[in-house]
1. Restricting attention to the stretch 249-256, does a residue exist that is free of Cβ contacts under 8 Å to residues at least 40 places away in the same chain, part of a strand (DSSP E or B) and surrounded by 15 or more Cβ atoms within 10 Å (Cβ to Cβ)?
2. Can you name the number of the only condition in (1) more than 25 Å from residue 279 (Cβ to Cβ); (2) touching a Leu at 6+ places or on another chain (Cβ under 6 Å) that residue 169 fails?
3. Just a yes or no: is a residue in the stretch 148-161 among the hydrophobic types (A, V, I, L, M, F, W, C) and part of a strand (DSSP E or B)?
4. Residues of the stretch 128-137 being assigned to a strand (DSSP E or B), more than 13 Å from residue 218 (Cβ to Cβ) and over 20 Å from the mean Cα position of the chain (by Cα), which ones?
5. Output the residues belonging to the stretch 180-210 that are over 20 Å from residue 116 (Cβ atoms) and part of a loop (DSSP other than H, G, I, E, B).
6. Quick check: anything in the stretch 213-235 of a type in the set (S, T, N, Q) and touching a helix residue (DSSP H, G or I) at 6+ places or on another chain (Cβ under 9 Å)?
7. Of the numbered conditions (1) surrounded by 10 or more Cβ atoms within 10 Å (Cβ to Cβ); (2) part of a loop (DSSP other than H, G, I, E, B), residue 20 satisfies every one except a single condition; which is it?
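Read-outs throughout are calculated quantities, based only on the coordinates presented, and are distinct from any laboratory measurement. Predicted model only: the values in this text are computed from it and were never measured. Here the Cβ is made from the backbone with ideal geometry for all residues, glycine too, and neighbour counts use every protein chain on show.
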Amino acid sequence: MRTVTTESITQSFIDYMGDDTDERLRFVLESLVKHLHDFARETELTHDEWRKGLELLFAAGNISSPERNEFVLFSDVLGLSSLVDMIHSSDEVTPSSVLGPFHVLGAPELAVGGDMRGDNEGDAVVVSGIVKSDTGMPVEGAVLEIWQTAENGLYSGQDDQQAEYNLRARMTTGTDGVYLFSTVRPAPYVVPEDGPVGELLRATGREPWRPSHLHFIVTASGYWTLVTEVFPSDDPYLDKDAVFGVREKLIMEYQPRNNTEELPDELAIKTALKGQTFYSVQFDFLLKQIHQPEET
């Protein structure tokens, strides 16, 4: 290794990997290091720039917690999260979109028709739809994880005034594949700017805004897991999303309503909405089946 050069160091790294290295790991690491080394050579990366990059990563680790993952946020604002989503999305099913840094495990179970709104301020929204297969059939036993911001644009975990699982729930579909719940309309918000991601956004003159959205993770036996988010058609930040998460097929319509008679009977707050103006949203999820290889 005493003769290593700026040109030979990349191959030296590749040669260091042992014969028992997993083939996929070998392929990914080899490609990563080739691009990384080419980047350093192309830009003639300085020591100060190299140190600054490491400082940002160190700061991301320090500020991360179970409620906030700054590394995910970095991936989001750099467009990497959305690029991976799009690479593995199919035009035949619901597109995936970014997970975001505020997903929390362990949200409470909510029955179909249940109320997620609680005592949160904001416009009441009734959200419904059907989880279907890519052939259009309802999916029984699909589990939806749902989470969103409150009216102030903050998630529980960011805001000390919110309960731990405020505006978070898990719901399981019945034989008809239907999901249904009431909530409040989420607000547009800025991604966290108090850490290294905010420093990057300010340095590049970028806006930190995200359009309002509802997050979903949809899982079902025999189907690929869907991680996505849906956006209202009238949001002013649809074309300025800081994390590039908006897709045409993920845009929904908030319809103003004042007639509760048309609401399903299983909706827990149907009576409470009588005489009020509220919004309804209908959005179906199409899941891609996992096709097993045929036996020979």
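1. yes
2. (1)
3. Looking for residues that are among the hydrophobic types (A, V, I, L, M, F, W, C) and part of a strand (DSSP E or B), one finds none in the stretch 148-161, hence no.
4. Taking the stretch 128-137 as the starting set, the residues that turn out to be assigned to a strand (DSSP E or B) are 128-133.
In the following step, the residues that additionally are more than 13 Å from residue 218 (Cβ to Cβ) were identified as 128.
None - no residue of the stretch 128-137 is assigned to a strand (DSSP E or B), more than 13 Å from residue 218 (Cβ to Cβ) and over 20 Å from the mean Cα position of the chain (by Cα), so the list stays empty.
5. Listed by number, the residues that qualify are 191, 192, 193, 194, 195, 204, 205, 206, 207, 208.
6. Yes, that holds for at least one residue.
7. The one condition residue 20 does not meet is (1).
Residue by residue, here is whether (1) surrounded by 19 or more Cβ atoms within 10 Å (Cβ to Cβ); (2) closer than 29 Å to residue 287 by Cβ holds:
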site: 57; (1), (2): no, no
site: 66; (1), (2): no, yes
site: 69; (1), (2): yes, yes
site: 78; (1), (2): no, yes
site: 97; (1), (2): yes, yes
